[in-house]
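Contents: one structure, followed by commentary.
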Amino acid sequence: MRSTPPSRSCPGPSRRAVLRAGVLGAFGLALDDVFRLRSLAARQNFYETEATLAGTPRAKSCILIWLSGGPSHIDTFDPKPNAPSEFRGEFDPIETSVPGVWISEIFPELAQVLDRSTLIRSVTSPEAEHDRASHHLLTGYRPSPALVYPSIGSVVAKVRGFNASTLPPHTAIPSAPLFASSGYLTPAYDPFAVGGDPNQDGFRVRDLTPPDRLTLDRLRRRRSMVATLDQFAADAVIDTPLTTSRDAFSDQAFDLLTSSAAQKAFQIDTEPSKLRDRYGRTQLGQSLLLARRLVEAGVSFVTVNDQGAGPVGWDTHLNNFPMLRDTLAPPIDRGVSTLIADLHERGLLDETLVIMMGEFGRTPKINDAAGRDHHGRANSILLSGGGMPSCLVLGATDDRGDQPIDRPITPSDLAATLFTALGINPEHRFQTPDGQPIRLVDNGHAIQELF
């Protein structure tokens with residue numbers, strides 16, 4: 001009998017992250033990195049000048065809710081009540097707002113907003129290891145030993161560019177999942193990680209709030225001192241990238257630091273208490289509320305990285321059922337259903353694409369530790385808003401939830417679908433640093449039933 005779950009293969013920073021030391025912060029881009037890399041991208045002509053849009057985008061922005069560790073599809077959106085007990089598990093199915101469609105009892109509130117959503121029950125991938133499966137779902141490409149592909153969010157940031165908003169176009173709350181990165185593109189398109197817990201009193205965004213006791217006057221004096229030192233270096237004929245560019249980057253970082261619009265977007269404590277209660281006074285609930293505020297402020301792509309509770313998150317190799325029922329499901333059920341309803345009430349749902357997924361599903365057969373193991377062949381994904389149809393259930397798995405028997409959807413198909421919804425041509429090609437043209441998705445096609 002397994003007494004402990006197998007260790008995750010990605011407990012620390014990836015080799016790629018280590019190679020970027022000094023450029024990236026501990027959780028993603030820091031503010032000066034954002035502006036320095038933005039400038040680098042412009043100088044090296046990384047911005048696309050040719051047409052990359054596939055038409056008017058249905059969605060202006062996207063909120064990706066990433067369930068790190070891989071949730072059980074059978075115990076969430078694809079219940080199998082007629083399967084033997086060692087497959088169907090402990091949860092009963094419940095009716096939803098879509099007649100004839102049933103999901104797990106652990107999602108009673110999501111069941112009521114399913115009429116504003118699309119449920120895909122037939123996502124399938126050959127990958128069943130955390131890192132490889134995450135790369136496949138987040139990029140649309142299976143991992144390659146020679147190349148790390150850009151994530152969907154990074155592609156959106158590259159195509160959309162840095163608009164008039166002072167906010168970074170690709171943002172992660174609180175931190176970015178592994179492989180939610182720019183891959184072979186310049187690090188300018190890595191996500192800006194907010195850091196911290198929006199549910200905590202005194203929540204502050206990393207790098208966006210001056211340290212305690214540092215007033216704007218003192219900040220301006222420090223900025224002036226740095227400018228003086230830079231001028232001294234210039235007079236001394238010390239010409240390095242640091243001394244020649246730091247002032248420009250500091251100006252931009254200072255503008256963001258002192259921008260009332262940027263500050264306002266992150267001031268979650270200005271939200272009505274009743275609304276914050278609706279989302280749930282949890283890290284996940286308040287992160288979803290912050291994501292809504294960011295897309296409202298013009299951010300193109302926001303990832304809410306839900307790592308659940310404890311060291312394994314949704315990686316439920318043991319005690320699957322109490323973990324889901326008591327710890328993992330309640331914040332998601334409450335927070336995501338409220339996000340969908342809140343966006344709808346504000347008239348933002350049609351232009352905001354919400355997607356919830358993890359890297360894979362879990363094995364149909366329950367293991368000896370009352371858990372479920374990794375299972376790439378079947379996965380369920382929830383989509384809402386962004387011009388997607390509602391009341392639609394697409395695809396089906398067999399009677400035990402092992403693999404699709406109708407309308408299999410690959411991660412490449414899913415990536416092509418998201419790009420198309422966001423007005424990006426999935427056939428477009430970016431160039432790698434060595435000049436090799438690479439298609440945005442690997443042999444994937446947009447899901448026609450959604451358009």
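The values are calculated or read from the model by the stated rules, or taken from the named source; none is laboratory data. Just so it is clear, the model here is predicted, and its values are computed rather than measured. Positions of Cβ are backbone-derived with ideal geometry, glycine not excepted, and every protein chain shown enters the neighbour counts. Quick note on the areas: whole protein, heavy atoms, side chains included, nothing else; ligands and nucleic acids left out. Shrake-Rupley method; radii C 1.70, N 1.55, O 1.52, S 1.80 Å.
For the set Arg276, Arg429, solvent exposure ranked by accessible area (probe 1.4 Å, protein chains only) runs largest to smallest as Arg429, Arg276.
Reported value for the stretch 309-439: 168 Å³ per residue, from the convex hull of its C-alpha atoms. In summary, the lysines within cross-link reach of Lys365, defined as a Cα separation below 29 angstrom excluding same-chain residues under 8 places away, comprise Lys80.
Equivalent ellipsoid of the stretch 356-410: semi-axes from √(5λ) of the C-alpha gyration tensor, largest first, are 25, 13, 9 Å.
Excluding same-chain neighbours fewer than eight residues apart, the lysines reachable from Lys60 by a Cα-Cα span under 25 Å are Lys158, Lys264. Given their separation in residues at 0.36 nm each and the Cα-Cα distance between them, Asp434 and Ala261 gain 58.4 nm when the chain is fully extended. Short-range pairs are left out: with C-alpha atoms under 8 Å and at least six residues apart, the relative contact order of the stretch 375-426 is 28 percent.
Over all directions, the projected convex hull of the C-alpha atoms in the stretch 287-329 averages 3.6 nm² in area. Once backbone amide H atoms are built at 1.01 Å from N, Ser125 has Arg377, Ala378 as its partners under 5 Å, excluding neighbours fewer than 5 places away on the same chain. In the assembled protein chains, Thr303 presents an accessible area of approximately 10 Å² (probe radius 1.4 Å). Once all protein chains are placed together, Asp368 keeps about 120 Å² accessible to a 1.4 angstrom probe. Counting only heavy atoms of the protein chains and using a 1.4 Å probe, Asp201 has close to 150 Å² of accessible surface. Note on surface exposure: Ile366, Ile447 rank Ile366, Ile447 by accessible area, highest first, 1.4 Å probe.
Using all pairs of distinct alpha-carbon atoms, the Kirkwood hydrodynamic radius of the stretch 300-370 works out to 14.2 angstrom. Can you tally the net charge around Thr352? Count Lys and Arg as +1, Asp and Glu as -1, for every other residue whose Cβ sits under 15 Å from the Cβ of Thr352. Here the count lands on +2. Of the Cα atoms belonging to the stretch 82-178, the radius of gyration and Dmax stand at 18.8, 57 Å. Accessible area of the stretch 58-127 with a 1.4 Å probe: how many percent of it is carbon plus sulfur? For the stretch 58-127, the apolar C and S fraction of the accessible surface comes to 45 percent.
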